Structures are given as C-alpha cells and as structure tokens.
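Here's the structure, in structure tokens; my notes come after.
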Amino acid sequence: MMDSSSRVDVGLKELGLELVPVAKPVAEYVLAKQLGDLVYVSGQGPIKGGKPVYVGQARGAITAKEGYDAGQICILNELAAVKEAEMIVCVAPDLIGRE
C-alpha cells in the first residue's frame, strides 16, 4: 500500500512536476505548522534555487502566463513544506523516550 506522500509524488510525476527541497525561510517564521488536522503554510513565493523566479503583479510586471507559472511554483513550494512538516510530525512521536 502506498502512503499519501508517495501518492502525491506519483501524481505530480504523472503531471511532469516534482517537489524541490524546501528553501530556507528568508525571515523569522515557520514554513509549515500542523495544528490538529490542518497544516498552515507561510512564506512560499515563486522561488527556485533560493531565488525569486517572478517578481511583480500578473498583467502588470509579468504576463498572465508568467503569473500562472508563478502560482504553480508557489503551490509546489507549499506542498514541499507540508511534506517536510509531515515527515517531522510522523517521526517525532517514535523518537520520544529514545536516547
């Protein structure tokens, strides 16, 4: 049986997309935090390789297509942050009481 993380990776691969490593925050904030059944994500922009890919407003400084591409990059960065947060949440309880 495939876990949810693997299903997401397979679905993204079928779409020709992949998650990249999560970029380090550029300020003092947490990229993703789980509270109950929800995961809150912050600070995700259209960043690849630690650098902004697009800057500006769609139909202003960038085209509508570039705005779409920027949104896709943001969502992939958010998914990567959630995936990283889930891995930490899943592992931490198993480590309690270990030396």
request  = Go through (1) surrounded by 13 or more Cβ atoms within 10 Å (Cβ to Cβ); (2) assigned to a helix (DSSP H, G or I); (3) without any contact (Cβ under 8 Å) to a residue 24 or more places away in the chain one by one and return the number of the condition Leu76 breaks.
outcome  = (3)
note = Scanning segment 38-86 for residues that are modelled with pLDDT under 85 and touching a Ser or Thr at 6+ places or on another chain (Cβ under 9 Å) gives Lys83, Glu86
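Answer yes or no: is there a residue in segment 1-8 that is surrounded by 10 or more Cβ atoms within 10 Å (Cβ to Cβ), at negative phi and at pLDDT 80 or above.
Kept after step one, since they are surrounded by 10 or more Cβ atoms within 10 Å (Cβ to Cβ), are these residues of segment 1-8: 3, 5-8.
Adding the requirement that they be at negative phi leaves 3, 5-8.
Right, trim to at pLDDT 80 or above and you get none.
Checked against the condition, which is being surrounded by 10 or more Cβ atoms within 10 Å (Cβ to Cβ), at negative phi and at pLDDT 80 or above, segment 1-8 yields no hits at all.
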task = Confirm whether Leu15 is surrounded by fewer than 13 Cβ atoms within 10 Å (Cβ to Cβ), out of contact with any Ser or Thr (no Cβ under 7 Å at 6 or more places or on another chain) and of a type outside the set (Ser, Thr, Tyr).
result = yes
message = Out of everything in segment 23-71 that is touching a residue at least 12 places away in the same chain (Cβ under 8 Å) and in a helix (DSSP H, G or I), what residue ends up being surrounded by the most Cβ atoms within 10 Å (Cβ to Cβ)?
response = Ala70
ask   = Quick check, is Leu17 closer than 18 Å to Ala81 by Cβ, touching a helix residue (DSSP H, G or I) at 6+ places or on another chain (Cβ under 7 Å) and not charged (D, E, K, R)?
value = yes
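Looking at the structure I just gave you, is Val20 surrounded by 10 or more Cβ atoms within 10 Å (Cβ to Cβ), hydrophobic (A, V, I, L, M, F, W, C) and in a loop (DSSP other than H, G, I, E, B)? Before you say what the answer is, go through the steps one by one.
Working: surrounded by 10 or more Cβ atoms within 10 Å (Cβ to Cβ): yes; hydrophobic (A, V, I, L, M, F, W, C): yes; in a loop (DSSP other than H, G, I, E, B): yes.
Yes; evaluated as a whole, the condition is true for this residue.
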message = Being farther than 17 Å from Glu84 by Cα, outside any strand (DSSP E or B) and acidic (Asp, Glu) is the requirement here; does Asp9 meet it?
response = no
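The values are calculated or read from the model by the stated rules, or taken from the named source; none is laboratory data. These figures come from a predicted structure and were not determined experimentally. Virtual Cβ from ideal backbone geometry, glycine too; neighbours counted across all protein chains shown.
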